[in-house]
Structure formats: C-alpha cells, structure tokens
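Working notes, structure below.
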Amino acid sequence: MKILIADDDPISRRLLEKTLQRAGYDVVAVQNGLAAAEHLCKQDGPRLALLDWEMPELDGPAVCREVRKKKDLGYVYMILLTSKGLKTDIVTGLGSGADDYLTKPFDSGELKARLRTGQRILHLEGRLVEARENMRFKATHDALTSLFNRGVIMELLGREISRSRRGRVPTAILLCDVDHFKAINDSHGHLIGDEVLQEAARRLLLSVRSYDYVGRYGGEEFLIILNNCDPVSAPRRAEEIRRSLSDTPVQTSIGPLSVTMSMGVHQTENWGVRSVEELLHQVDSAMYAAKAAGRNRISFTKPENSTSDTDHAVPTETEQLLR
Amino acid sequence: MNVGTSSVLNITDLLNRVDNDRELVSELFLIFKSVFPSHLQRLSDAVAKELPKQVEAESHTLKGMLLNLSAVRAAAIAAELENLGREKKIADMSEALTEFQSEVETLLLQMESVEFQT
C-alpha cells in the first residue's frame, strides 16, 4: 500500500522510510507540507499519511485541513507525528482533521499497529463506497439490460436538448422497438425474450460512441441520443445501429434467432419550443410509421414546416443511404 | 561497540527502535553529522540576536532529531531551549546553549566511537 511521509527532519524521514519499506509499504517521502498536500490531493495519491506537525510551508494540521476540504477525494487516513505532548496540542491536531497522532520518537511496533488501524478504516471506506456505487448503479440502470433506466435516459434527453438548443449543436434522437417481440415471448418464453433484450442492448451500446446515450425506454423499446450528430450523418448512423441487430442472428439458449427492430428518428439543431414529451411523441409516431411500413426499417420525423407527424419510412437501407 | 545505556546516546534503545538495523543507525549518524552544523549555527545566531521565536523553532527541530537518535540528554537541553524561546526568557538562553553545545560535542564523540560489527 502506498503511504506518504512528510517530515522536514531528514533523520526522522529516513527512519520512517526504512521502517515502512521493511513493513511492505510503498513509500513516498517529502520534506514539506505543501508537497504533502499536493500528493494527497491527487486522485491516485496515497491514502495513508504520516505528517510531521512542524513543517515549512504548511504544518501537519494545515495539511490535514487542506486534504479534508477536497470532498471528491477518497478518504485519506492521516497520522500526525509530534514531539508536542500537551493535551491541547493533541486536541488541535485531531480537530484539524487528523485521524490519530504518534509521539516522537516513535516505537516501530506501535507505528505499524496504528497504520494497520488506518488500513482497516480505509478498507471499510472502500467497501462503503463500493456498496454506494452498487446502489447508485441499481437506481440509475435497468436491471435486465444494465442500460440507463427510463428515468435517467429521459433526464439525459432533456439535458441534451437544452444543450443542443443553447449551442445550436445537432442531436439525433432514436427510438428503437424490437420487431415481433411479443411473438418471441409467446413462442419461446420470457426467458428467451430476456436474452434477446440483453443482446439487443449490448449491440446498441457497441454501435454508439462513448459520449452517446442508450437507455431502456419501455419493454422492448430503447431510446438512443446521438450527441453532435449532424443531419447528414444521422441516417447513416441510424442505419448502422439498425443493422447491428438485424445483420447477425441473436444467439439464445434455444439457438440463433433472427431479430430486427424498427426505428423512429428525429434529428435537428433547431428544437423550437417543443417539450421533451412532444418530441418523443413525434419520434414515437415515426417509429410506428416504420412498423406500419413493414418493420425492420427507419422512419424520420417530419421537418419543422411539414403537416404530417412523420416524414417518411425508409423501405431499404440502400434507399436510406442515398438520402 | 558500546551498547550500554549511556545517558548521552542510548544505543540499545536506538537499535530496538530500528529493528536492530545497524546499517541504518550508521546512516542516521551520518545524516545528523551533515545537517547538525547548520542547525546549530541558526540556533546560535537566534540566541545571539535574541530572537525567541527562532530559538523555539530551531530547538524544536533539534529536539526531534536527537530524540530519534535516542540522545536523551541533548534532547532534554534542546527541549529546555525550546521552552525558554516559547516563554521569551532571553536571559537564560546563552547558558542553555553552551550546555547544549557541550552535550552535543560529547554525543558526536560517542557516535564516532560506536563501531558495528559487519
């Protein structure tokens, strides 16, 4: 485990360094408080520290205060080293955010025991963070597909539309619906249906860029937000995504199944004053137009000045690519 | 090798604290010999110029080094100088400094006399 030693006294520093290296620690040694704070405030900096009380630039308690100010850091367990023995000094040290203190000259057995205590606290903190992250993931992701859940993808959609509206950056919204999904469930059972949805989700994720968003909108419906996607490349991107599912059968536990999806697409940088719900209604209508036109195809929403809800359904990928 | 419990340099205590690493003790002595003169110079200057805050700070640093070396008597005099600085007892500083210098001279001699078997 990485540990930081901050001490301006070269004897104390070397003594600590050797003792801790012998105990198996990966030691980073610095000679002033400023350097200590810099190391400890790095995201991948040491999480265990021995800080001398009296140091140039920043003293030990000041280093503790600096580190505790950084709320986004993982917990740093800090022990103050002091030859001050007064209770008031100890109270001051612990009040600055230190976890423990050790009086100089230290006993190596006591030092190692106190560091083990620190490691236990850090381990516990690691488990708590892991549990919190698991809960956060469960609260924001769909349990079956691990995609963003409906609440999150809707929030992201609202945020992206605002951003697009502000910066006049083109964005594309894709609503995908697995074709004949009810028939898959009815013929092969819900477990196979689940396998199909999981594989469809995986392929959708693989077919977008890291800064695009994919979420499970409903049962067999997926919502995709393509950021910075200009109207020229949007049809091509949508077609690639559609083909990611249709081109290769889905391997299920009862064998390969051919699965396709229909897609409604809205692409613009001119969002007007329409609400997210209105936009989704339009994309939904486009998706139903694709279904009505024979499924396994893409339909685009109407341009701003058109009178019908949907522009057209694209019958073949070749025709669509020619647009 | 003198491993007695000398009041000037308690080598037994020091060896205990470094897990009997004699090479490390020799290294620590070398570090002390190289950094001590400049610290002593700053302490002497602070006493001569009657700067209690500097006397307190410099004595504190020396006290820490000496405690780490198990040089208990010199560390005690450094602690006394630190207190004099904190309490601004300028009149008593010169005498304590003389005592400190004498004690450290003995300490340095004792460090020289410590020879470890390799």
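So what are the three principal axis dimensions of chain A from its Cα atoms, in whole Å, longest to shortest?
84, 48, 30
Please work out the Cα center distance from segment A:249-280 to segment B:57-112, rounded to the nearest Å.
Measuring centre to centre over Cα atoms gives 79 Å.
Averaged across the residues of A:54-61, what count of C-beta atoms belonging to other chains lies within 10 Å of each residue's C-beta?
Neighbouring Cβ atoms belonging to other protein chains average 1 per residue here.
Charges on Cβ only, +1 for Lys and Arg, -1 for Asp and Glu, centred on the Cα centroid of the protein assembly as shown; of A:167, A:6, B:46, which one is farthest towards the dipole's positive end?
A:167
Counting every Cα pair in segment A:1-53, what percent are over 17 Å apart?
Here the tail beyond 17 Å accounts for 27 percent of pairs.
Between residue A:117 and residue A:129, 0.36 nm times their residue separation minus their Cα-Cα distance comes to what?
2.5 nm
Reachable aspartates and glutamates from residue A:70, Cα under 14 Å, same-chain residues fewer than 8 places away excluded?
Leaving aside aspartates and glutamates fewer than 8 places away in the same chain, those within reach of residue A:70 are A:38, A:44.
Bin all alpha-carbon pair distances of segment A:2-138 at 5 Å intervals from 0 and give each bin's fraction as a whole percent.
2, 11, 21, 24, 21, 12, 5, 3, 2, 0, 0
How big is the antiparallel share of DSSP beta bridges in segment A:2-138, given as a percent to the nearest 5?
Counting DSSP beta bridges with both partners in segment A:2-138, the antiparallel share is about 0 percent.
Can you pull out the trypsin sites (Lys or Arg not before Pro) in segment A:137-173 that DSSP calls coil and that have at most 12 other Cβ atoms within 10 Å?
A:168
Could you tell me the convex hull volume per residue, in Å³, taken over the Cα atoms of segment B:11-113?
79 Å³
Since every read-out is calculated from the coordinates, none of them should be taken as a lab result. Every value quoted in this text rests on a predicted model; they were computed, and no experiment measured them. Note that we place each Cβ from the backbone using ideal geometry, even for glycine, and neighbour counts take in every protein chain shown.
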